[in-house]
Structure formats: C-alpha cells, structure tokens
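Nothing in this text is a laboratory measurement; each read-out follows from the coordinates by a stated rule. Predicted model only: the values in this text are computed from it and were never measured. Cβ sites come from the backbone with ideal geometry, for glycine too, and all protein chains shown count toward neighbours.
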Amino acid sequence: MKRLPSQAGKFYRSTSFYFAILWFCASSLPLAVPASAQSRAITLPRNLGELVSESQVVVQGWITSVTLEAHEQLKNLMTVVVTLQVEETLKGENLKTLTFRQAVIDKRDQQQYLGYRTGQHVLLVLISPSRFGLASPAGMEQGRFRIEAGGEGKLLATNGFGNAGLFRGLESQLQARGLRVTAEVHEMITKPPTGPVSLEQLKSLIRTIAAADSTK
C-alpha cells in the first residue's frame, strides 16, 4: 500500500492555503459550519483540462477501505482515509494501491464518510497532498467520478456535479495547445450530454491532456 506522495510547487501553495482554512474552521469554529455538505463548498468551477492540470495523479479503481479518523497533528480535524485498489493510472506514478486522507468538517459528511463507500468503482483526479498530508479530488466533487454500467456493456462516468461544466471552454483550450482528439471525444466536448459520459472517451481525453502537461 502506498500513500499519495507530497510534492512541492504550485499545487502545494494552493492546497496548503485551502487546508489551512479547513484547519482554522475545524479548530476555531466547529459549530459555525453550515449543514450543507462541504463537498460542494469552497470550490471554483473547473473544466476537465483544469482539473487534470491541477492534479498529481489520476487513477481508476475500486475503493477497498474507508475510515473516519482524527488527524494526528490537527487534533480537532476529522479526516476520511480512503484506500483504492488501482486498475489503471492515467497520470502520475503507477501504483497497485493508493491511500489518501481528506479533511471533513461537516457533521453530515463525517457521518456519510464524504460519500465514499467500500466497493465503489471510481475515477479520481487527485491533487498533491498538503504539508499536513491532506489531499482531495481536484475541484472537490468535480474531480471525483462514479463509474457505472451503461448500455451495451459500456461504462459511464459522472462526477459529483453531474458533469455540469466539465467541458466548458475546453475545445478552445485544446486548440490553443495544438491538441487533437478523436471524433467521438470531440463530439463529447462540443455537444456535451447531460449526465454520464463514456468512461473510455473521458479517459482518452484525460490521457491527451496529461501527456501534454508532462511536456511543459
């Protein structure tokens, strides 16, 4: 089992600031957190290109363990520790298993383990951990996709926002970078369906973006 490694850089600066806010809220204002789920709060809309570029790793796999634990350093902060059996790595180091720790301050989210469940089939776009070892999907629910069976044996993927805005502005960004995609992927981007999208087409697009990012 391998935990998501920390890396310094632009992602560290942004994520450490975010988790500093969570720490402050958890330690100083535990009763002031709204009842609405935190997973849909404190996040800006991002398209798929932005999510992938912000991430450290992108993996597909099955969740094998979910536990609620207090943070070892930030004693008033509860966290959800998720372990994934990795099927495929689309970006980052190839791993067989991956474990990450995500902050959770909303009481309802604590009771629901942020919606993570053992046996879930997922595709996760994960940011680099902060110096406190805290990570999350990029854009929170935007970078977390549930994988489910569709018609004709195909698999479909849907993020926590129902894929809303997932491809907004992406076509022009790809063109500006000189990136080409298949006809099927192009149709998905330009005429995005409401709700689930083809997992294979989504992964094809992620690989294209990740490969271009690696050459920067």
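What is the calculated FRET efficiency for T182 to R117, with r their C-beta to C-beta distance and R₀ = 35 Å, to the nearest 0.05?
Efficiency computed from Cβ-Cβ geometry: 0.60.
Between T215 and T64, what is the label-to-label distance in nm when each label sits 7 Å out along the Cα-to-Cβ direction?
It is 3.6 nm.
Subtracting the Cα-Cα distance from 0.36 nm times the residue separation, let me have the gained length for Q110 to Q73 in nm, one decimal.
Here the segment from Q110 to Q73 would lengthen by 11.5 nm.
For the ranges 149-156, 71-78, 136-143, what's the packing order if you count other beta-carbon atoms within 10 Å of each residue, average per peptide, and put the highest first?
136-143, 71-78, 149-156
If you take all C-alpha pairs in the stretch 69-211, what percent of them are over 21 Å apart?
49 percent
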